[in-house]
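One structure is given here, and the rest of the page talks about it.
Each reported figure results from applying straightforward, stated rules to the coordinates on display, with no laboratory input. Only a predicted model underlies this, so the values are computations on that prediction, with no experimental measurement involved. Cβ: placed from backbone, ideal geometry, glycine included. Neighbour counts: every protein chain shown.
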Amino acid sequence: SPDWIDFNFYGHQIVAHHAPVACGSHGVSQVDGHGVPVRHFGAVLSIPQWEALAAKLQAAGTQFVIEPYIRFKGEPGEQATMFFIDPSGNAVEIKAFASMESLFAR
C-alpha cells in the first residue's frame with residue numbers, strides 16, 4: 001500500500017504507516033474499514049493460538065479498539081486481527097494469517 005509498509009522482524013511485522021499529521025497516541029489509519037492505531041506493537045500467532053487468546057481476552061472483558069475479526073476475508077492476505085490498549089497505554093495488535101506466506105505479501 002502507498003500508505004504503509006511492513007518490515008520483517010524475525011517473522012513478525014513492524015508496520016510503518018504514513019501519517020502526514022502528527023498522530024500522537026490517537027492517530028488512526030483506515031484499514032479494511034477500521035481505524036487502526038498508527039502507533040502500535042504487534043505479534044503474529046498461529047490461527048489456533050489467536051482463537052484461544054481472543055476467547056480468553058473476551059472472557060476477561062477486555063475492551064478492544066478493534067474487536068477480533070477476519071480482515072480481508074477471502075482475499076490475499078486474509079488475517080485474523082484484534083487491537084487493544086495495554087496497561088501502559090500502548091496499542092497492541094495480535095494477528096494470525098490464513099496462510100503464513102501472506103505475512104509480507106503485497
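Across the alpha-carbon atoms of the stretch 4-102, the computed radius of gyration and Dmax are 13.2, 38 angstrom. For the peptides 35-48, 64-77, the ranking by mean Cβ contacts within 10 Å, running from highest to lowest, is 35-48, 64-77.
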